[in-house]
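Every read-out reported here was derived from the displayed coordinates using simple, explicitly stated rules and does not represent laboratory data. Predicted, not measured: the structure shown is a model, and the values here were computed from it. Neighbour counts are summed over all protein chains in view; Cβ atoms, including those assigned to glycine, are modelled from backbone coordinates with ideal geometry.
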């Protein structure tokens, strides 16, 4: 029973990260109505233009309100997410009463989850996330999805951009993972679809409007749906605060009374 609860908490933390987006009081940036995909059809140039619109950062601090539904059971939570680029992702999840129910620390090599409610703790290699996603989902892919940035594996020189309704779309297969990424007229990701047909796992992220954060574009909201066998997750994220390149801490310790779950 405890293992099932911990796995649900882990899934909340991980899927919450995958759905990363942000919303502040700053004005949103309205995409141009005119499609821009026909400006230059050279593949290398298109990929370069998409990559150069990425949100650059050394660290990120994000706060969000979220509604999470796991297998039909919905809850309102608050999420505090801190990131150090290419190194770590720290997530704290609190209930509406302000009580922290879970904390996670994700690195390229490992994932740690502390369930405060059940007083249990799990430490696994990063590959544990792939039970809920796909073997092709690594830390860098997760990091890109958190920020709405392009995914390096999907924008290499072998990728040939296509168009859909006048906007750019990238689609193909990496390993066993099928992907389709749609871009808006701001050349920012609007929809990200990942599908592992062999294992029956799928993830869809729909990013909301974009806003300016330090003169860079960042998504304002996101809706995701995830399917892994019989496990289904839906989450709506609405971020209230985004701060870039601050000096951040990533505290993670485990009380001695916590039970280790393998």
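General observations
- Förster-model FRET efficiency, 30 Å R0, residue 212 and residue 248, C-beta, rounded to 0.05: 0.90
- Counted by neighbouring Cβ atoms within 10 Å, the residues 49, 82, 114 run from fewest to most as 49, 82, 114.
- The slack in the chain from residue 58 to residue 76, taken as 0.36 nm per residue of separation less the alpha-carbon distance, amounts to 3.5 nm.
- Geometric extent, Cα atoms of the stretch 71-147 - Rg, Dmax (angstrom): 13.2, 37
- Exposure proxy for 53, 48, 103, 42: other Cβ atoms within 10 Å of each Cβ, ordered fewest to most, give 42, 48, 53, 103.
- Estimated distance in nm for a label pair at residue 225 and residue 204, the labels positioned 7 Å out from Cα along Cα-to-Cβ: 0.4 nm
- Here the stretch 123-151 is scanned for amide nitrogen atoms under 14 Å from the site 7 Å beyond the Cα of residue 29 along Cα-to-Cβ, giving 148-150.
- Taking 0.36 nm per residue of sequence separation and removing the Cα-Cα distance, the residue 117/residue 173 pair yields an extension gain of 16.2 nm.
- Least to most buried among 217, 60 (fewest other Cβ within 10 Å first): 217, 60
- Structural descriptor for the chain: relative contact order 28 percent, calculated from alpha carbon pairs under 8 angstrom and at least 6 residues apart.
- Rounded to 5, percent antiparallel among DSSP beta bridges of the stretch 174-243: 100 percent
- Label reach from residue 86 (point 7 Å along Cα→C-beta): in the stretch 99-122, amide nitrogens under 15 Å belong to 108-109.
- Here the label points at residue 260 and residue 162, each 7 Å from Cα along the C-beta direction, are separated by 4.9 nm in the simple model.
- Pairwise centroid distance, computed over Cα atoms, of the stretch 59-93 with the stretch 204-249, Å: 9 Å
- Given (1) 7, 31, 37, 19, 5, 1, 0; (2) 7, 29, 33, 20, 10, 2, 0; (3) 6, 26, 29, 18, 9, 4, 3, 2, 1, 0, 0, the label whose value is P(r) over Cα pairs in 10 Å bins from 0, in percent derived from this model: (1)
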